[in-house]
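What follows is a set of notes on a single structure, which appears directly below.
All of the numbers you see were taken from the coordinates with simple rules; none came from a lab. For clarity, every value in this text was computed on a predicted model and none was experimentally measured. Cβ atoms come from the backbone with ideal geometry, glycine included; neighbour counts cover every protein chain shown.
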């Protein structure tokens, strides 16, 4: 190992209070440079970052595996997803419809009062702090979705590193920063801070204009409160916990239970149950013995290592709560050994679900699931109706079965994504994706941290009223309108550039 | 006066705690009915409300004049704006681009992993509480912009009446409720609550899913904090105070000062200075004696009545602070008499602005303005750079004068709307309008309470993943896509219905 490599891989130290101030000021300075970059230039920056990450893939995956134990294959796939995501936001910028110009020409006949020329443009909100997640060391971390969308919007980013993969965070941050600086970006465009205290300090800093977070309800709520208590509050986009319930109708259970349970097993143990979209609650008809059939399938599964020893301990403690809950039947009690953890399954009747609701529907980070057994369709509907906000909900059913439609109707009120005969794990990076949901799934139920619309979280509207053409921002000037996705006097006009961007 | 009329005009009593619960439950129940209405049906409801308000115009304007002293002509104009606004949101629904469907067809070749069919629809967020403003008894009150946009989104509305015009609030609320009920809406679709305690209780009620507010920074921040401290926080769209600074470059002052001062006078005294867009700060070159010239013009203006005696007292107290500020020159001290108030003008040098900044840049609700005199262009830029978030900022300048461009550049960072050689009062209800701005102008800098985009505040995305066509919401089904504004696999396709909606 070369000396340079070794230094790149050392564990970064907590950022001091003085350094936090410097970071914030540098981000503020970089905002002036960044906001002048065109969408094409921002696309190129994202491409440069993606290319630089591709180039360090071997080192990055090796360090990530050492720090997270997630397995090389999964980590390679996750890095590919991450670089695709960076490039995808370049396409989002070109397509334009997520952030269109809206132009009203002056109209002396406009109802009530003459209307001046109005041009609504979107400007970067300013420096953004991103609190990295621990369970996706690439896709929701230093160069993940929040970072990609904030950079796409033209906002300097300060990442608060996740303590679970600090060496990887340093490598990725250095790679991103170097790629940006090679293209002329000031050093404040992308920075990393380390340590919880630095995280709270940077979130409270007046230079910071928005924040994004992926993590637990407990920490997310604490930071949300901090962001709102600032003298100048800022938007806080927190993606917190979710139970991601899965419902099996009686008919689906009677027709294809084996396939569904195989799928459930794979989904809830994916990444060792450390996904925000892990299905932690299976709701099944009582008669089908779903819990026992799952336990049988799990018997041959060996232990898998959790992200860290601390997370393994927390998981063990949470499983202890689950198995000790009044009235549950412990179907399979997982073990925690040096080699990792094995899965835990408990079963609860509807009566038990009612009496232990808050406990049994709290998120269990790791390979644990509650199987709720219902003696009737009405019990299933009742359970669906009791649920808090969720990232996802899934229904296994048949389209000609009203029972399935009933469940969908109740779940839609509570989720950001509803899945039909499928699994919530695996979140496509795509135009239509919405990765969000009512609280506590997120602190901002109208926004998404994955997919094209994630960009909009970091763009602030400004209307230019009555301006002469030459004083408008370039994109809003008459001669450039054909290049832009715009709404003109209320009617949509797609961008010429975007016409065949696919 | 008939007995029915007399009862309609009585002052409503504060809503009790028990009644608040009933109101919230009724709104929750109505949400189920409302969310099934199509955009066309919602348009018709808005049209029905507008028609019903037109029909009570004579009574409504009379009561409004008795309660607010704003003048019959102004109030008639405001009611016309209000009914236009209701109808405009019907057009916004038809145009579709504010709330498009986004559809990704299944794609086995999608990068990283095969993509399932994803259809992102927007669903009403649920019951919305609107805190009415006092200064626009029609346009920002019981049937104002927040209400129109929430109803357009399909959300039941609970209005917390402004105490300054309770009889009008009752009349308008009854009119709106009756119009809705004639079209089959449950009574929970639109309700009024009275009293600050009821307002806080309804904001804290678990059935309520979002809130909108127009009013002061003090009250707005209190309610914002309350909304965020709920066990389940909700989006709070507060439009608070703003100073709406106006800058005059040296060249503009030397070329057309008289016309600018005439315009300023008209703008800052419009509605007796009780507009959220009132320009409360004029920044002018020292040499042009803007403050004295304004005072001369104001000398012949008689007193005008404020919205209420309480507001007149608050205005007098605020003017007392202004004239007592260290170092200001009192150019014209307003009087408060039984007939109303007259305008107040104070002048401050840049040195005084620096030392008394927070005081001199606080909003003065009423006909008072600070004239800041700058001895150089750099002082103007410095002052612009010190300002907090604003709804608007205006620059009087010339397009070939770099001084004007400098000011625009600094102001854009701080405002939601930037006005060129014009006045901030008069907010067009229009496609491109943005009535918002960084805190403290609003608590939600990405959103607007006027214009087409106001609708989006009350719509929550939900993605349907892998659903068969017949189980999708009607609008998202293949056979209906031609009717909708959609984004299909990343490319925009306007709605057939919207093609010539103008």
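Relative contact order of the range A:200-275: what whole-number percent is it, with Cα pairs under 8 angstrom and at least 6 residues apart?
Numbers: 54 pairs, mean separation 20.6, N = 76.
Worked out over the range A:200-275, it gives 27 percent.
Quick one: P(r) of the range B:319-397 from all Cα-Cα pairs, 10 Å bins, percents rounded to integers, in order of increasing distance.
Pairs per bin, as whole percents: 17, 48, 29, 6, 0.
List A:306, B:471 from most exposed to least, where exposure is judged by having the fewest other Cβ atoms within 10 Å.
Working: A:306 26, B:471 19.
Fewest-to-most ranking of A:306, B:471: B:471, A:306.
How big is the protein assembly as shown by the Kirkwood estimate over distinct Cα pairs, in Å?
Mean inverse Cα-Cα distance, inverted, gives 29.7 Å.
Can you sort A:110, A:431, A:97 by how many other beta carbons sit within 10 Å, fewest first? Walk me through the numbers before you get to the answer.
On the way: A:110 17, A:431 26, A:97 23.
Going from sparsest to densest Cβ surroundings: A:110, A:97, A:431.
Taking Cα atoms, how many degrees apart are the long axis of helix B:72-95 and the longest axis of chain B, rounded to 10 and kept between 0 and 90?
Approximately 40 degrees, to the nearest ten.
Given 37 °C and 0.692 mPa s, compute D for the range A:246-420 with the Stokes-Einstein relation, Rh being the Kirkwood radius over Cα pairs; round to the nearest whole µm²/s.
After rounding, the answer is 203 µm²/s.
Relative to the longest principal axis of chain B, what angle (0 to 90°, nearest 10) does the C-alpha long axis of helix B:250-269 take?
60
Rounding to the nearest 10 and keeping the result within 0 to 90°, find how far the Cα-based axis of helix B:17-34 lies from the longest principal axis of chain B.
So the inclination is approximately 60 degrees.
With the contact rule set at Cα under 8 Å and sequence spacing of 6 or more, what percent relative contact order holds for the range A:349-502? All intermediate terms of the calculation are to be shown ahead of the outcome.
Values: 183 pairs, mean separation 21.2, N = 154.
Dividing the mean separation by the residue count of the range A:349-502 yields 14 percent.
Place the label 7 angstrom along Cα→C-beta at residue A:11 and in each other copy, then list the distances from the first to the rest in nm, shortest first.
6.8
Specify the inter-centroid distance of the range B:301-351 and the range B:236-259, based on alpha-carbon positions, in whole Å.
Centre-to-centre (Cα) distance: 19 Å.
Taking the convex hull of the Cα atoms, report for the range B:386-492 its projected area averaged over all directions, in nm².
Values: hull surface 40.5 nm².
Projected area, direction-averaged: 10.1 nm².
Normalised by the residues of chain A, what does the relative contact order come to in percent, with Cα pairs under 8 Å and at least six apart? Each step should come with its number before you reach the end.
Working: 1052 pairs, mean separation 93.5, N = 502.
Computed over chain A, the figure is 19 percent.
Could you work out the helix-only [θ] at 222 nm for chain B, with each DSSP H run of four or more residues adding -39,500 (n - 2.57) and the total divided by the number of residues, to the nearest 500 deg cm²/dmol?
On the way: 16 runs with 199 residues, N = 502.
Taking each H run of at least 4 residues, the total per residue is -12500 deg cm²/dmol.
Order these by the 10 Å Cβ neighbour count, fewest first: B:409, A:332, A:278, A:160. Intermediate results must be reported in sequence, preceding the final value.
Working: B:409 13, A:332 22, A:278 29, A:160 26.
Fewest to most other Cβ atoms nearby, the residues stand as B:409, A:332, A:160, A:278.
Using only the Cα atoms of chain B, build the gyration tensor, take square roots of its eigenvalues as a ≥ b ≥ c, and label the shape rounded, prolate or oblate: rounded if a/c is under 1.5, else prolate if a/b is larger than b/c, else oblate. Intermediate results must be reported in sequence, preceding the final value.
Values: a/c = 2.14, a/b = 1.41, b/c = 1.51.
It comes out oblate by the Cα gyration axes.
Put a label point 7 Å from Cα along the Cβ direction on residue A:226, then list its distances to the equivalent points in the other copies in nm, shortest first.
2.8
Zone of residue A:108 (label point 7 Å along Cα→Cβ, backbone N under 19 Å): which residues in the range A:427-470?
A:466-468
Would you give the gap between the C-alpha center of the range A:399-450 and the C-alpha center of the range B:422-485, rounded to a whole Å?
19
Please report the spacing between the Cα centers of the range A:210-226 and the range B:160-227 in Å, no decimals.
If we compute the Cα centre of each part, the gap is 30 Å.
May I ask what percent, to the nearest 5, of DSSP beta bridges between residues of the range B:88-225 are antiparallel?
Bridges in the range B:88-225 are about 25 percent antiparallel.
Just counting partner chain Cβ atoms within 10 Å, what average do the residues of peptide B:416-424 show around their Cβ? Spell out each step's value before the answer.
Numbers: counts 5, 7, 7, 6, 9, 4, 4, 3, 1.
Averaged over the peptide's residues, the number is 5.
For the rotation that brings chain B onto chain A, whose beta-carbon in chain B is nearest the axis, and what is that distance in whole angstrom?
Closest Cβ to the B-to-A rotation axis, residue and whole-Å distance: B:228, 2.
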